[in-house]
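Some notes on the structure that comes next.
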Amino acid sequence: MSVDPVFAQYSDYAFASSFAIYVLALVLSVVDFSSTPLSTAARPALVCVGSASNPALPGRIALPPNRTRAHRAGRAAVSLTVVALVLNVTALALRGISTHRWPLGNLYEYALFLSAALVACWLVILRRYPIRSLTIFVLAPTVVLLFVAAASMYAEAAPVVPALRSYWIGVHVTIIVAASGILTFASAVSALFIIAEVGPQAKNPALRWIAARLPSSELLDRVAYRTTIVGFPLFSIGVICGAIWAEAAWGRFWGWDPKETVSFISWVLYAAYLHARATAGLKNMRAAWINVAALATMLFNMFAINYVVSGLHSYAGLN
């Protein structure tokens, strides 16, 4: 099928707009993070105060000040992130419409989908836990990934090779990328948990400064664990779907292709994290380091395997 150049152009416009808004949201999140220590701003305490006529009268609640510049910047950053996410997804949808296929046929589209999955995961978690101060740690890698996608991964909208014209690309790749976004967030939170634990006693003033503005280590540990519980089964399903597709396309379920091998290592590490987190002797710090190691393998699979190693996945633009 021919490519619709109008929708392809609109897709590029949507991507550029989402990137610009992500950057603006990142700047506002920096203002929020640097200006408002979490100990006083993100952990509001309910204080009983009296009325003007009777200062000792209990029962009224004094709310913490929520009209500071930092607070407004943080709220604006979250709102802009929602707008940027909508444009991010729109860019992918218009890609699919322009090429008449599922928009996961090359590395550029993979990066856009991964960014959307990461940000969507963050927004869902934010509705449940008071961790708005982490916005900067979500938007910073998102902006970097989208910049790299535009600078070195961009590919003109085009049909995919015949081997990828299968419904499995909409199943296997979508599940894998969504799970990768969720697990990337979980591992990043584990890294922040380590900083929150060691930062207050660290000699490095930068670590102490960051740790003072992070949520409690207990909250970070809980968020990382519960997010991994969601992402790991999804990742497992994606790997199984990939094996089924590989048997149909290549005549074998598993061939130790470089991407398959590193994905398996990531799966083992995330399984080890969940096991360690549930084991009394390995909780917290050791488990968090395993989760961070799993993130390292995900990044290695995304960049090193893509640019250095060639394999059976290379032709897909997703190697």
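Name the residues whose placed amide hydrogens come within less than 5 Å of the amide hydrogen of SER166, ignoring near sequence neighbours (fewer than 5 apart) on the same chain.
Residues meeting the criterion, in which the H sits 1.01 Å from N, do not exist here.
In a shell of Cβ-Cβ distance under 15 Å around PHE7, excluding PHE7 itself, what net charge do Lys and Arg (+1) and Asp and Glu (-1) give?
Net local charge, PHE7 excluded: -2.
Could you derive backbone 3J(HN,Hα) for segment 118-123 from the dihedral phi with the Karplus parameters 6.51, -1.76 and 1.60 (θ = phi - 60°), listing whole Hz in sequence and x where the residue is Gly or Pro?
The phi angles translate into 4, 5, 4, 4, 4, 5 Hz.
Determine ³J(HN,Hα), in whole Hz, for all residues of segment 76-89 in sequence, where each value follows from phi through the Karplus function 6.51 cos²θ - 1.76 cosθ + 1.60 and θ = phi - 60°; x replaces Gly and Pro.
5, 4, 5, 4, 5, 4, 4, 4, 4, 4, 4, 5, 4, 5
Treat the count of other C-beta atoms within 10 Å as a stand-in for reagent exposure and order TYR167, TYR129 from fewest to most.
TYR167, TYR129
Per residue of segment 167-177, what does 6.51 cos²θ - 1.76 cosθ + 1.60 with θ = phi - 60° give for ³J(HN,Hα)? Whole Hz please, x for Gly and Pro, Karplus curve as stated.
5, 5, 5, x, 9, 4, 5, 4, 5, 4, 5
Pop a pseudo-label 7 angstrom from the Cα along the beta-carbon direction at both HIS100 and ALA151 and give the gap in nm to one decimal.
For the pair HIS100/ALA151, the computed spacing is 3.7 nm.
Here, each number is a calculation from the coordinates, and none is a lab measurement. Values in this document were obtained by computation on a predicted structure and should not be read as measured data. Using ideal geometry, Cβ is built from the backbone for each residue, glycine included, and neighbour counts are taken over all protein chains shown.
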